[in-house]
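Below: the structure, in structure tokens.
Every number here is computed from the coordinates shown, using simple stated rules; none is lab data. What you see is a predicted model, and the numbers here were worked out from it, not measured in a lab. Methodologically, a virtual Cβ is constructed for each residue, glycine included, from the backbone with ideal geometry; neighbour enumeration extends over all protein chains shown.
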Amino acid sequence: MDTLVEKVRAGKRLSGEEALVLLEEADLLLLGQLADEVRRQRHPEPVVTYVIDRNINYTNVCVSGCRFCAYFRPPGHPEAYVLSREELGRKVEETLKLGGTQVLLQGGLNPDLPLEFYEEMLDYINGWFGVHCHAFSPPEIVYFADRSGLTVEEVLRRLVAAGLKSIPGGGAEILVDRVRREISPRKATADQWLAVMETAHGLGLRTTATMMFGHVETPAERIEHLLRLRDLQDRTGGFTAFICWPFQPGNTALKDLPPATGHDYLRTLAVSRLVLDNFANIQASWVTQGPKVAQIALFFGANDFGSTMIEENVVAAAGVSHRLAEDEIRRLIREAGFTPRQRTMDYRPVGR
Ligand code: SF4
């Protein structure tokens with residue numbers, strides 16, 4: 001352990017084996033201290049950033065049926081919906097009134113929507129409101145490509161032409177196909193997820209990366225996930241941030257699994273900061289962890305409080321519902337000893 005601590009403090013890159021030893025064996029507070037040291041080297045200013053945005057789930061219809069998802073409804077279900085243009089417009093207007101700079105658009109894999117639907121949605125939001133569209137996780141892009149008979153690159157070029165500005169890192173879960181076959185067998189594979197991101201980065205789009213852990217994966221598979229992200233970031237530099245959160249089992253087909261603890265969250269977050277040495281920004285997840293653990297996360301490697309999430313539906317469907325307004329986020333950041341700063345998707349400060 002002493003050798004590993006020295007290696008981290010010397011700024012040397014961790015191997016997968018070393019990261020696994022840290023994840024499984026290191027003392028919690030030692031991990032926090034190391035992650036905090038690395039975070040303060042990268043971000044010497046005592047600033048914690050956040051973004052004002054809203055998650056707009058344009059449809060809950062999905063044919064993927066992921067076992068960890070409480071949000072989707074199959075086609076024809078009485079609760080199935082696709083948002084109308086009026087509903088979309090009202091949500092974007094509300095976001096702008098609250099100082100929002102972007103909307104995050106994500107939906108299920110809906111077999112009834114052609115590629116033109118997504119182009120028109122982007123064109124409408126971008127054209128009428130001029131707001132940054134952070135939209136469509138890699139599994140959605142892969143599905144659009146499959147349905148339209150186009151390549152991923154062709155789909156991305158069309159969406160960019162319609163107003164797509166960046167891509168959220170959703171749908172990564174754990175980027176190991178053994179895990180994906182167990183929890184989401186009909187969704188994009190690990191290679192497909194990474195290929196969408198690599199193609200997007202090649203087209204000049206910035207994206208985020210995520211990890212949802214604490215379900216059927218092993219600790220070694222969590223580390224493999226981080227290494228695959230680090231490899232791609234070495235090649236492209238296109239990821240702006242990494243966000244991880246524990247699986248929320250409520251109302252899902254995996255509801256009998258015990259929920260991950262705050263302890264496990266903080267360990268995984270700290271190890272992520274140590275492994276992802278080429279990621280500038282690591283976000284805390286107050287949406288799943290609540291405000292107190294999110295404040296502690298700022299001392300376990302996180303330098304960003306994520307989004308105000310004016311609207312969030314997916315985690316809420318699993319029975320977890322933390323709500324924070326912008327002034328509460330600013331107060332929590334200040335109380336933790338940092339200066340809050342609003343930012344854009346690509347971490348430019350927003351002056352208001
Ligand atoms: S996680 Fe996404 S792809 Fe999977 S069932 Fe839910 S909405 Fe569909």
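Which one of Gly127, Phe239, Val5 has its Cα pushed farthest toward the positive end of the charge dipole of the chain, where Lys and Arg give +1 and Asp and Glu give -1 at the Cβ? Towards the positive end, the residue furthest out is Gly127. For a straight C-alpha distance cut-off of 30 angstrom, no lysines are reachable from Lys7 once same-chain residues fewer than eight places away are disregarded.
Between the C-alpha center of region 193-237 and that of region 249-312 there is a gap of 16 Å.
Projecting the Cα atoms of Ile141, Leu175, Ile296 onto the charge dipole of the chain, computed from C-beta unit charges around the Cα centre, puts Ile296 farthest toward the positive end. Proximity of backbone amide H atoms, modeled 1.01 Å from N, is registered between Val47 and Thr339 at under 5 Å, excluding neighbours fewer than 5 places apart on the same chain.
Reachable lysines from Lys165, Cα under 17 Å, same-chain residues fewer than 8 places away excluded? Within the straight-line cut-off, Lys165 pairs with nothing. Taking amide hydrogens as placed 1.01 Å from N in the peptide plane, the amide H of Met309 sits under 5 Å from those of Asp53, each at least 5 positions away in sequence or on another chain.
Within region 7-89, report the GluC sites (Glu not before Pro) that DSSP leaves as loop and that have at most 16 other Cβ atoms within 10 Å. Please list the in-between numbers first.
Working: sites: Glu17, Glu18, Glu24, Glu25, Glu37, Glu79, Glu86, Glu87; in loops: Glu79.
Taking region 7-89 and a limit of 16 other Cβ atoms within 10 Å, the loop GluC sites (Glu not before Pro) found are Glu79.
Taking the helices alone, the chain has a mean residue ellipticity at 222 nm of -14000 deg cm²/dmol, built from -39,500 (n - 2.57) per DSSP H run of at least 4 residues and averaged over all its residues. Residue order for Thr199, Thr3, Thr218, fewest other beta carbons within 10 angstrom first, comes to Thr3, Thr218, Thr199.
If you wrap the Cα atoms of region 194-352 in a convex hull and average its projected area over all directions, you get 9.9 nm².
Within a straight-line Cα-Cα reach of under 16 Å, Lys97 can be paired with the following aspartates and glutamates, leaving aside sequence neighbours fewer than 8 residues apart in one chain: Asp53, Glu87, Glu311, Glu326, Asp327. Spacing of the modelled spin labels on Met1 and Phe117, each 7 Å from Cα toward Cβ, amounts to 5.3 nm.
Model label sites at Leu150 and Glu335, defined 7 Å from Cα along the beta-carbon direction, differ in position by 4.7 nm. Projecting the Cα atoms of Met309, Gln342, Leu109 onto the charge dipole of the chain, computed from C-beta unit charges around the Cα centre, puts Gln342 farthest toward the positive end. Take every Cα-Cα pair in the chain and report what % of them are more than 32 Å apart. Here the tail beyond 32 Å accounts for 26 percent of pairs. Note that region 55-70 has calculated 3J(HN,Hα) couplings of 8, 9, 9, 5, 8, 9, 6, 8, 9, 7, x, 4, 6, 9, 9, 9 Hz, one per residue in order, obtained from phi through the Karplus relation 6.51 cos²θ - 1.76 cosθ + 1.60 (θ = phi - 60°); glycine and proline are x. The charge dipole of the chain, taken about its Cα centre with unit charges on the Cβ atoms of Lys, Arg (+1), Asp and Glu (-1) only, comes to about 600 debye. Amide hydrogen proximity for Thr208: with H placed 1.01 Å from N in the peptide plane, the residues at 5 or more positions away or on another chain lying under 5 Å are Ile167, Gly169, Thr240.
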